[in-house]
Amino acid sequence: METYYDRLDEIKLVVERYFTVEDVFYEAGLLTFIISEREIKENFRKLYRDLRRLGFLPTARWRDEKVAIRIFKYQEPIAPFLKFRRLPLYLFIATLGIVAVDGFLRSWGMGLANRILETILYTASIMLIIGLHELGHIISAKKSGIEASPPYFIPGIPLFLPTFGAVIFQKEPIVNRDDMFDIGFSGPLVSFIVSIGVAILAFQRAVWVPEAKLPSMNVAYLPSPLLLSLLQLVFYRPGMVPVLTSIGFAAWLGFLITAANLFPIWQLDGGRIFRSVLSARQYKIANYISLAVLAISGYFLFALLLLLLMSGARDIPPLDEVSPLSRGRKLAFVAVFAMIILSFVPIFAL
């Protein structure tokens with residue numbers, strides 16, 4: 001097995017190509033370089049690419065007000081199920097079928113032709129919300145030079161939740177905080193935008209009835225996210241209220257998926273977003289605060305599941321933990337809170 005000693009001189013030359021080395025030594029069996037530079041973001045990315053080709057990975061951490069670069073032997077990620085290349089396709093087909101069945105069941109009370117059209121629109125809406133969400137992650141990862149798997153859709157239960165979303169798996173580590181933020185933020189941003197489009201379609205296809213007639217109608221009530229209520233004002237008709245079809249539920253679900261994913265919990269997209277901004281300790285505190293908010297808001301079982309999964313989790317920071325998040329991304333971080341406020345749906349009132 002190849003070790004540091006086999007390529008020691010080559011590793012030193014690569015590090016010295018980008019940084020001024022003040023000291024080099026072994027610490028806990030790892031080759032460690034102390035460098036003079038403090039602004040390292042771009043050169044560290046170049047260092048990562050060169051060392052990755054040699055089969056090694058660098059990390060950058062603060063050490064006594066100096067930057068320490070430690071070198072690790074790269075190990076391929078272990079995920080046996082990734083070898084089943086057709087599994088994403090099978091899961092996609094299964095999810096598509098279940099969503100279509102769910103849409104058909106939710107489109108009761110319509111004529112057959114309208115019911116089929118409604119089912120098609122409903123299915124397309126949900127699959128686009130989830131699929132484009134994952135595509136946003138994939139594009140962002142590719143832009144950062146990180147290979148990612150195709151999306152793995154998770155089939156759900158008709159008339160409950162037709163899908164539990166989808167996931168992708170990274171095959172490379174995240175280099176710096178900018179990449180971590182981009183990969184985490186890209187998916188929810190896309191699903192937020194698509195959900196707005198679906199909500200507009202829902203209001204256009206809604207049945208508008210006199211407000212006084214609504215109590216006598218057999219309709220289901222769901223707590224509305226703030227953005228859905230604001231969009232209703234855009235389509236306002238005096239004395240009338242909209243009864244949304246199943247496409248309204250697709251929009252509702254899209255906003256819920258977006259908001260839930262933005263919470264700073266390590267299994268969710270928000271975990272990456274907030275970890276790119278916060279220290280490890282601050283991030284851990286944010287995890288538990290988020291779980292409490294979810295539980296109080298009515299998502300107790302979901303919060304409990306995340307808590308159980310969290311018990312075996314460990315902090316996975318970017319390779320370069322020295323370089324701060326860029327200014328533009330810090331400004332975009334404000335949008336994360338705005339999206340949560342506009343999209344989150346407390347269900348304790350149900």
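Would you point out which residue out of GLY298, GLY248, GLY270, GLY239 is surrounded by fewer than 19 Cβ atoms within 10 Å (Cβ to Cβ) and touching a helix residue (DSSP H, G or I) at 6+ places or on another chain (Cβ under 8 Å)? Sole residue among the options that is surrounded by fewer than 19 Cβ atoms within 10 Å (Cβ to Cβ) and touching a helix residue (DSSP H, G or I) at 6+ places or on another chain (Cβ under 8 Å): GLY239. Only one of the numbered conditions (1) under 30 Å from THR163 (Cα atoms); (2) of a type outside the set (Phe, Trp, Tyr); (3) in contact with a helix residue (DSSP H, G or I) (Cβ under 9 Å, 6 or more places away or on another chain) is violated by LEU54, and that is (1).
Exactly one residue out of ALA124, ALA94 is in the same structural domain as ILE193 (by TED's automatic domain parsing), touching a residue at least 40 places away in the same chain (Cβ under 8 Å) and aliphatic (A, V, I, L, M), and it is ALA94. Across region 329-339, not a single residue is classified as surrounded by fewer than 17 Cβ atoms within 10 Å (Cβ to Cβ) and in a loop (DSSP other than H, G, I, E, B).
Is it the case that region 71-92 has a residue that's among the hydrophobic types (A, V, I, L, M, F, W, C) and closer than 30 Å to LEU244 by Cβ? For region 71-92, residues among the hydrophobic types (A, V, I, L, M, F, W, C) and closer than 30 Å to LEU244 by Cβ: present.
Checking the condition in a helix (DSSP H, G or I), in contact with a Phe, Trp or Tyr (Cβ under 9 Å, 6 or more places away or on another chain) and of a type outside the set (Phe, Trp, Tyr), which residue from ARG70, ARG115 passes? One residue alone meets the criteria, ARG115. When each of PHE263, PHE255 is tested for being part of a helix (DSSP H, G or I) and either surrounded by fewer than 23 Cβ atoms within 10 Å (Cβ to Cβ) or touching a residue at least 24 places away in the same chain (Cβ under 8 Å) (or both), the lone residue that passes is PHE255. Restricting attention to region 55-75, the residues that are farther than 22 Å from ASP23 by Cα and in contact (Cβ under 8 Å) with a residue 12 or more places away in the chain add up to 2. Here is a check on your reading of the model: is GLU147 under 29 Å from LEU31 (Cβ atoms) and in the same structural domain as ARG49 (by TED's automatic domain parsing)? So GLU147 does not fit the description; no. I'm trying to understand the selection: among the residues of region 283-315, which are free of Cβ contacts under 8 Å to residues at least 12 places away in the same chain and closer than 22 Å to ALA68 by Cβ? Within region 283-315, ARG314 is the sole residue that qualifies. Return the residues of region 29-45 that are surrounded by 19 or more Cβ atoms within 10 Å (Cβ to Cβ) and touching a Ser or Thr at 6+ places or on another chain (Cβ under 8 Å); say none if nothing qualifies. Scanning region 29-45 gives ILE35, ILE40, PHE44. Restricting attention to region 138-168, the residues that are without any contact (Cβ under 8 Å) to a residue 60 or more places away in the chain and of a type outside the set (A, V, I, L, M) add up to 7. Could you tell me whether any residue of region 164-177 is at pLDDT 95 or above, crowded, with 18+ Cβ neighbours inside 10 Å, assigned to a helix (DSSP H, G or I) and in contact with a strand residue (DSSP E or B) (Cβ under 9 Å, 6 or more places away or on another chain)? Checking region 164-177: at least one residue is at pLDDT 95 or above, crowded, with 18+ Cβ neighbours inside 10 Å, assigned to a helix (DSSP H, G or I) and in contact with a strand residue (DSSP E or B) (Cβ under 9 Å, 6 or more places away or on another chain).
Filtering region 28-59 to residues that are assigned to a strand (DSSP E or B) and touching a Leu at 6+ places or on another chain (Cβ under 7 Å) leaves LEU57, PRO58, THR59. Of everything listed in (1) within 16 Å of the chain's Cα centre (by Cα); (2) surrounded by 15 or more Cβ atoms within 10 Å (Cβ to Cβ), the single unmet condition for ILE316 is (2).
The values are calculated or read from the model by the stated rules, or taken from the named source; none is laboratory data. The shown structure was predicted, so the numbers you read here are calculated from the model rather than taken from an experiment. A quick note on method: Cβ atoms are made from the backbone with ideal geometry, for glycine too, and the neighbour counts reach across all protein chains shown.
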